[in-house]
Structure formats: C-alpha cells, structure tokens
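The values are calculated or read from the model by the stated rules, or taken from the named source; none is laboratory data. Note that the structure is a prediction, hence the values are computed from the model and not measured. Ideal geometry is used to build each Cβ from the backbone, glycine not excepted, and the neighbour counts take in all protein chains shown.
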Amino acid sequence: MIDAATGWTDDRVELLTKLWGEGLSASQIAAALGGGVTRNAVIGKVHRLGLSGRAKPGQNAAMRPAKARPVVPTPPQLEGGRTPPRDPEQLMRPTVVADDRWPVEEVEIPVSQRVSIMELRDTTCRWPLGDPSKPDFAFCGGRAVTGLPYCAHHCRIAYQPAAERRRLRA
DNA sequence: CCCTGATTCGC
DNA sequence: GCGAATCAGG
C-alpha cells in the first residue's frame with residue numbers, strides 16, 4: 001500500500017491544485033479526492049500551498065447557477081450520445097480505474113435508488129448505469145455533490161488523480 | 001438550511 | 001504539516 005488515504009501524496013496534491021484552479025469548491029474537491037478528506041482538510045491544504053485567494057468567488061463554471069446546461073466534467077465514457085461498448089457488463093462497471101492502483105472503495109450502488117432520466121433533479125447523481133439502449137437503463141440517483149453531476153462516490157471515479165506513471169514505475 | 005472560504009490552534 | 005472547530009458570511 002502506498003499511503004494513499006493518509007497524507008497528501010503528490011498526485012492528490014496535483015489533483016487538488018488542478019481542481020482548485022478550475023474553480024471547484026473545497027467540498028467538491030474533497031468529494032473528488034475521497035478517502036475521508038473533508039472540505040476543511042482541502043481548505044487547510046490550499047492555504048498551506050498558498051493557493052488561496054482565487055479569482056472571483058462564484059465565477060466558477062461548476063458553481064454558477066446552472067442555467068442552460070449543467071457542466072459535465074469528465075464522464076469516463078458515454079460522452080455525447082455515443083453508445084460505446086455494447087457489452088452491458090462493461091457499462092455496468094465503469095472501469096475507469098484502469099491501470100491505477102488507486103484505492104477506490106468498492107461501494108455497491110443500491111439498485112433501489114436508481115432513477116430514470118425523467119426523475120433526474122439537479123441534485124441527482126447522473127452516473128449512468130446499464131445499457132442506454134435498454135429499458136433498464138438508469139442513473140445512480142444518489143445525492144449529487146452540489147455543483148457536480150455525480151454523488152461523492154462517483155466523483156472519486158470521475159475525477160481520478162492525474163495518471164502518474166512516475167510512481168507506478170516502482 | 002443549504003452552502004462558501006478563512007482562521008485558529010491542539011495535535 | 002494537518003484538519004476539526006469555529007467564524008463570518010451568501
């Protein structure tokens with residue numbers, strides 16, 4: 001194990017810096033980082049890094065009053081209306097984790113809370129589940145992190161730390 | 001009540 | 001260095 005959850009590893013700091021620079025709020029970044037990191041931890045780190053004092057509070061794309069279309073950061077797959085793989089099994093398991101040995105907690109998504117596209121609210125996690133071409137297609141339906149399209153769990157998957165092969169070499 | 005970042009201060 | 005608690009605010 002590579003002390004991931006403990007302390008700020010290079011890639012976590014990297015992601016923090018990147019997302020902060022993109023204007024995401026501390027809580028949003030905390031959700032993306034996962035590992036029990038709180039927004040306070042993020043803010044504290046931001047200050048220690050001297051990243052504080054961002055441009056303008058509220059000018060962030062992800063925080064703006066969602067008008068026309070909500071900003072969808074990094075859908076691992078299924079972007080656009082494109083229908084990627086035909087294999088339902090693959091769709092059910094967005095293995096974005098790929099080569100990373102990132103400790104993404106395996107949390108089962110309660111099928112019971114899944115919602116259809118009609119039931120999506122702005123605070124509903126839009127993580128796609130299932131085959132879009134089939135009737136059983138639905139979305140995660142969890143409580144999305146404010147300003148982001150996904151719940152905390154799916155944020156961790158959507159916002160993976162920059163692939164750093166540097167350490168992977170080990 | 002939801003959220004925001006800023007600061008303090010014991011660890 | 002870290003982050004919970006707290007503060008000040010929207």
Within segment A:1-51, helices (runs of 4 or more DSSP H) holding 2 or more residues that are over 17 Å from A:R156 (Cα atoms) and modelled with pLDDT of 95 or more | A:39-48
Cβ pairs under 7 Å, 6+ apart or interchain, first in segment A:144-163 and of a type in the set (K, R), second at pLDDT 90 or above, ordered by first then second residue, are A:R156/A:A32
